[in-house]
1. Keeping all protein chains in place, calculate the accessible area per residue for the chain (probe 1.4 angstrom), answer in Å².
2. Convert each backbone phi in region 24-39 into a coupling constant with the Karplus relation 6.51 cos²θ - 1.76 cosθ + 1.60 (shift: θ = phi - 60°), then list the ³J(HN,Hα) values in order as whole Hz, x for Gly and Pro.
3. Please report, as a whole percent, how much of the solvent-accessible surface of the chain comes from carbon and sulfur atoms (probe radius 1.4 Å).
4. Specify whether the C-alpha gyration tensor of region 9-54 places it in the rounded, prolate or oblate class, a ≥ b ≥ c being the square roots of the eigenvalues: rounded for a/c under 1.5, otherwise prolate if a/b is larger than b/c and oblate if not.
5. I'd like the distance between the alpha-carbon centres of region 163-220 and region 57-90, rounded to an integer number of Å.
6. Which order do the peptides 130-141, 209-220, 21-32 come out in when sorted by mean C-beta neighbours inside 10 angstrom, highest first?
7. Roughly what % of Cα-Cα distances in region 52-190 sit above 22 Å, to the whole percent?
8. Take the alpha carbon gyration tensor of region 105-159, find the square roots of its eigenvalues, order them as a ≥ b ≥ c, and report rounded if a/c is under 1.5; if not, report prolate when a/b exceeds b/c, else oblate.
Amino acid sequence: MLVHDALFHKIKKQVGQAIGNFGLIEAGDRIAVAVSGGKDSYTLLHILDALRRRAPVRYELVAVNVDAGFPGYRKELLAAHLEEHDFAYHLEMTDCFRIIEEKRRPGSSYCAFCARLRRGVLYTVADRLGCNKLALGHHLDDFIETLLLNQFYVGTLKAMCPKLLADNGRHTVIRPLVYVVEADIIEFAKRNAFPIISCACPVSGQGDRQRQRMKRLVRDLTGEIPHLRSSLLHAMGNVQPRHLLDRRIACHEVPQGDES
């Protein structure tokens, strides 16, 4: 059983708000929830299930795990947890590890390549399981870090979207943890003693160095600007195209005194 304390209710409320604000879940949805065995995906699965039990509309959840084939990946711990809590689930074995080792360009991100391969597998499995939506465990900090990464390293104003039609046109990707900060997820996972398992990849624990720099930047600036995370999240939904430099956007005459 989950610990139904104030933190549980806080996270559940935030996820419920995200579902309502962005229309993430609709009646009749069958949702594949990507579950890696990490803190984020455990939290996502359990909170969605808690909301499902009292939801005004009926929807189904199927936990989906993609085993990339890294030696030492302990998916049996994840499977035991899913069975203990009576979740419908599917474990998919792949050869992503071999593909990464053979095809990854020198100097390119190991994690990014792995994530693209896993996403493709998730779409395939979602089709097979009859799921129309795919839920991913990206939280508020992931949204902010992606926004900063794209500005600093790619030169684009782009982050993540809470609800996005996949390129295949068949699945909708949803990210219900958009309002939940990572620190709360860490504490929630600890209080519920989730059996966290490492992905067991060769760079496990190192993470993406650029993303780690963004994490440190946000953490350091939050000491000076306590509302930094909420401000950056709000900025993603408060775009002012007239004041940007994208020449593809039709320019309109700016009223005198309106330029800033």
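The values are calculated or read from the model by the stated rules, or taken from the named source; none is laboratory data. Because the structure is a prediction, the values reported are computed rather than measured. Reconstructed Cβ throughout: ideal geometry from the backbone, glycine too, with neighbour counts over all protein chains shown. Each accessible area value is taken on the protein alone, full model and side chains, heavy atoms only, with ligands, DNA and RNA left out. Shrake-Rupley method; radii C 1.70, N 1.55, O 1.52, S 1.80 Å.
1. Accessible area per residue: 57 Å².
2. Whole-Hz 3J(HN,Hα) from phi for region 24-39: 6, 10, 10, 4, x, 5, 10, 10, 7, 9, 5, 10, 9, x, x, 4.
3. Using a 1.4 Å probe with all protein chains present, the chain comes out at 52 percent carbon and sulfur.
4. Taking the square roots of the gyration eigenvalues as a ≥ b ≥ c, region 9-54 is oblate.
5. Measuring centre to centre over Cα atoms gives 17 Å.
6. Per-residue Cβ counts within 10 Å, averaged per peptide and sorted highest first, yield 130-141, 21-32, 209-220.
7. Summing the P(r) of region 52-190 above 22 Å gives 52 percent of all pairs.
8. Since a/c reaches 1.5 but b/c is at least a/b, the shape of region 105-159 is classed as oblate.
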